[in-house]
Amino acid sequence: MSRSLTAIVLAAGESKRMGMQKALLEWNGIPLIAYQLQQLAAVDAMQKIIVVTGYEAGRVRDIASSHPLAVVVHNAEYRSGKVSSIVAGLRALDDSASEIMLLGVDQPRSARVLQGILAGHVMFGAAITVPVCRGRRGHPAVFAQELLPQLLAITEGTKGLREILRSHAAEVHEVECDESVLVDLNERADVRAASRDF
């Protein structure tokens, strides 16, 4: 069976600790959302990249919509929490996606790292794949299309994706990766540290 990967990039949050929309941060000389799209598009079997907007949606959309693989989806309920953005992205999937990769815009990953995670997922035939570094789980997670109904049913009350990972614990495949899979850009200090290290 041919593989068809769709990525969902969550770029809706208000980024209060950062003090600006994180999708617009400069990363490797370009806006972070542009970097994410560039790296994701280089992954084998990538068919579509769904960018979920919310806060400062227009500015993020202006950058993302110029990318040939990007589909921009606006989450009007973004202030209710991350789960609403995940579900908004999932609803924009089409039936051809055999794998779904979920990534926050504040989690920059190279194409090499993303490719390694996907390769491990496909080789193992996993329902869920997560990257790990020295025993710590990172991002992004990859989900098989068969889990879509359960993914669409997540809520803030059931802790979102954590419940899916808990209920399918025996089916989670871990791929060993470098420290970049643990990077989350929440504050200015995180950006400085990650830019230096990666």
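The values are calculated or read from the model by the stated rules, or taken from the named source; none is laboratory data. A quick note: this is a predicted structure, and the numbers were derived from the prediction, not measured. With ideal geometry, Cβ positions are generated from the backbone for all residues, glycine too; neighbour counts draw on all protein chains shown. Ligands, DNA and RNA are stripped out before the accessible areas are found, and what is left, the full protein with its side chains, is counted by its heavy atoms. Shrake-Rupley method; radii C 1.70, N 1.55, O 1.52, S 1.80 Å.
In this structure the amide hydrogen of Met46, modeled in the peptide plane, comes within under 5 Å of the amide hydrogens of Leu5, none closer than 5 places in sequence on its chain.
Using the per-residue mean of other Cβ atoms lying within 10 Å as a proxy for protection, in what order, highest first, do the peptides 155-166, 106-117 fall?
Values: 155-166: 13.9, 106-117: 20.5.
Highest-to-lowest ranking by the protection proxy: 106-117, 155-166.
A Förster radius of 25 Å combined with the Cβ-Cβ distance from Glu156 to Ala92 puts the calculated FRET efficiency at roughly 0.80. Taking only the C-alpha atoms of the stretch 86-169, the Rg (one decimal) and the largest Cα-Cα distance, Dmax (whole number), read 12.7, 36 Å.
Once the Cα-Cα distance is subtracted from the 0.36 nm per residue extended length, the Ser4 to Arg112 segment shows a gain of 37.1 nm. Each label was represented as a point 7 Å from its Cα along the Cα-to-Cβ direction; for His168 and Leu69 these points are 2.1 nm apart. How far is the Cα center of the stretch 132-198 from the Cα center of the stretch 1-38, in Å? Here the two parts' Cα centres lie 15 Å apart. Per atom type, the stretch 102-152 shows carbon and sulfur on 58% of its accessible surface, probed at 1.4 Å.
For the listed peptides 187-193, 87-93, a ranking on the average number of other beta carbons within 10 Å per residue, highest first, reads 87-93, 187-193. Per residue, the solvent-accessible area of the chain (1.4 Å probe, heavy atoms of protein chains only, all protein chains present) comes to 48 Å².
Could you rank the peptides 174-183, 139-148 by their average count of other C-beta atoms within 10 Å per residue, with the highest value first? All intermediate terms of the calculation are to be shown ahead of the outcome.
Values: 174-183: 17.3, 139-148: 18.9.
Listed from highest to lowest mean packing, they are 139-148, 174-183.
Calculated mean residue ellipticity at 222 nm for the chain: -9000 deg cm²/dmol, from DSSP H runs with n ≥ 4 weighted as -39500 (n - 2.57), summed, divided by the residue count and rounded to 500. Full extension of the chain segment joining Asp62 with Gln47 gains 3.3 nm, where the gain is 0.36 nm per residue of separation less the Cα-Cα distance. Rounded to the nearest Hz, the phi-derived 3J(HN,Hα) couplings of the stretch 22-29 under the Karplus curve 6.51 cos²θ - 1.76 cosθ + 1.60 (θ = phi - 60°) are 5, 4, 9, 4, 7, 9, 6, x, where x marks glycine and proline.
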